[in-house]
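Chemist: Dumping the structure here so I can ask a few things about it.
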Amino acid sequence: METAVRRATGEDIAALSSVMADALMAQPIGVWLVPDVAKRAVVLHRWARLVLSQGLERGRVDTTDDRAAVAVWYARLEPPPPAAAWVYDLHRLLGPHAARFALLHACVDGLRPHRRHHQLAHVAVRPGYEDAAQALLAAHHQTLDLAGLPSCAEYSGDRPGDGLLAEVGYQPRSPVLLAPGGPALWRMWRPQSCDEQPCRSAGGGLPRRVRLDRTATLFLGRVISAAPPRSP
């Protein structure tokens, strides 16, 4: 049976935030974002609801009829708006747990490719429904291919050449090391069909190795040092 893909609405936020939070709970980056195991599920659900709300307002959120998978997309055709309000929302909703989430967002935003592209900001799927996630991404990739646009995403783990993103055509670039003690975050790039080396030829690549300090925070789309440092 063909998977039905549709745009998500506000009525989907509760179900899809559970899909996102549950997926993060099983990943090393979820443990790093919220070291307190007793509070991890609650904090990740709050963050997922914020991510989806922002996606519905400023980007595109796709899901399937059974809500088994979700993808949050942003068209990066021009510089994004200032992120100060986003950081404020993180601290308002997550309190003392906000610092590492702010660092993660600073990492992603500060190293975004400079060329026109679409950003797969988040993708999550229920265990056993990987085919639904592939169908979800294929639907938007078809639109990108018709427009001649590449896309980028992030992968957290030790094997960026495996898994969902690699299966749908994303290629790993250099990793970002999240400090303190965080996992590697790989920039993944899906080139447009006529562009085999988009990052290297168009300034979209990353440094060979980057480490962001725990005192980094996000301000107006840049990574800057914060003083005094916040404890995560």
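The values are calculated or read from the model by the stated rules, or taken from the named source; none is laboratory data. If you're wondering where the values come from, they're calculated on a predicted model, not measured in any experiment. We place every Cβ from the backbone using ideal geometry, glycine too, and count neighbours over all the protein chains shown.
Chemist: Scanning the stretch 23-47 for residues that are in contact with a strand residue (DSSP E or B) (Cβ under 8 Å, 6 or more places away or on another chain) and assigned to a helix (DSSP H, G or I), which turns out surrounded by the fewest Cβ atoms within 10 Å (Cβ to Cβ)?
Modeler: Among those residues, the one meeting the criterion is Pro28.
Chemist: Which condition breaks for Arg159 when tested against (1) touching a residue at least 12 places away in the same chain (Cβ under 8 Å); (2) within 19 Å of Gly182 (Cβ to Cβ)?
Modeler: With (1) touching a residue at least 12 places away in the same chain (Cβ under 8 Å); (2) within 19 Å of Gly182 (Cβ to Cβ) applied to Arg159, the lone miss is (1).
Chemist: Looking only at residues in the stretch 144-168 that are touching a Ser or Thr at 6+ places or on another chain (Cβ under 9 Å) and more than 20 Å from Leu111 (Cα to Cα), which one is surrounded by the most Cβ atoms within 10 Å (Cβ to Cβ)?
Modeler: The residue in question is Leu144.
Chemist: Let me ask something else about it. Inspect the stretch 60-82 for any residue being of a type in the set (Val, Ile, Thr) and part of a helix (DSSP H, G or I) and give the result as yes or no. Give the derivation first.
Modeler: Initial filter on the stretch 60-82 (of a type in the set (Val, Ile, Thr)): 61, 63-64, 70, 72.
Add one more test, that the residue is part of a helix (DSSP H, G or I), and what stays is none.
There is no residue in the stretch 60-82 that is of a type in the set (Val, Ile, Thr) and part of a helix (DSSP H, G or I).
Chemist: To continue, here is another question. Just checking, does the stretch 33-53 include any residue being touching an Asp or Glu at 6+ places or on another chain (Cβ under 8 Å), farther than 21 Å from Pro160 by Cβ and modelled with pLDDT under 95?
Modeler: no
Chemist: Can you confirm whether Leu185 is modelled with pLDDT of 85 or more, of a type in the set (A, V, I, L, M), buried (at least 16 other Cβ atoms within 10 Å of the Cβ) and not in a helix (DSSP H, G or I)? Give the derivation first.
Modeler: Values: modelled with pLDDT of 85 or more: yes; of a type in the set (A, V, I, L, M): yes; buried (at least 16 other Cβ atoms within 10 Å of the Cβ): yes; not in a helix (DSSP H, G or I): yes.
Criteria met by Leu185.
Chemist: Here is a further query. Among residues belonging to the stretch 144-162 that are assigned to a loop (DSSP other than H, G, I, E, B) and acidic (Asp, Glu), point out the one that is modelled with the highest pLDDT. Walk me through it before giving the result.
Modeler: Within the stretch 144-162, the subset assigned to a loop (DSSP other than H, G, I, E, B) is 148-150, 157-162.
In the following step, the residues that additionally are acidic (Asp, Glu) were identified as 158, 162.
Working: Asp158: 81, Asp162: 87.
Among those that are assigned to a loop (DSSP other than H, G, I, E, B) and acidic (Asp, Glu), it is Asp162.
Chemist: Every residue in the stretch 109-138 that is free of Cβ contacts under 8 Å to residues at least 60 places away in the same chain, part of a helix (DSSP H, G or I) and not acidic (Asp, Glu), please.
Modeler: Gln134, Ala138
Chemist: Mind listing whichever residues of the stretch 108-120 are in contact with a Gly (Cβ under 7 Å, 6 or more places away or on another chain) and modelled with pLDDT of 85 or more? Break it down stepwise before answering.
Modeler: To start, the set of residues in the stretch 108-120 that are in contact with a Gly (Cβ under 7 Å, 6 or more places away or on another chain) comprises 109, 113-115.
Within the stretch 108-120, just Arg115 meets the criteria.
Chemist: OK, next. Quick one: which residue in His141, His105 is at pLDDT 95 or above, in a helix (DSSP H, G or I) and surrounded by 15 or more Cβ atoms within 10 Å (Cβ to Cβ)?
Modeler: Numbers: His105 fails: at pLDDT 95 or above.
After ruling out the rest, the residue left standing is His141.
Chemist: Could you please give the count of residues in the stretch 67-91 that are under 24 Å from Thr9 (Cβ atoms), at pLDDT below 95 and of a type in the set (D, E, K, R)?
Modeler: Of the residues in that region, 2 qualify.
Chemist: Given the residues Val19, Val51, which is the only one that is under 16 Å from the mean Cα position of the chain (by Cα), in contact (Cβ under 8 Å) with a residue 12 or more places away in the chain, buried (at least 19 other Cβ atoms within 10 Å of the Cβ) and closer than 30 Å to Gly148 by Cβ?
Modeler: Result: Val51 is the single residue among Val19, Val51 that is under 16 Å from the mean Cα position of the chain (by Cα), in contact (Cβ under 8 Å) with a residue 12 or more places away in the chain, buried (at least 19 other Cβ atoms within 10 Å of the Cβ) and closer than 30 Å to Gly148 by Cβ.
Chemist: Could you list all residues from the stretch 167-182 that are touching a Phe, Trp or Tyr at 6+ places or on another chain (Cβ under 8 Å) and either at pLDDT 90 or above or among the basic types (Lys, Arg) (or both)?
Modeler: Result: Tyr170, Gln171, Pro172, Arg173.
Chemist: Given the conditions (1) of a type in the set (Lys, Arg); (2) buried (at least 18 other Cβ atoms within 10 Å of the Cβ); (3) modelled with pLDDT under 90, and given that Arg100 satisfies all but one, which numbered condition is not satisfied?
Modeler: (3)
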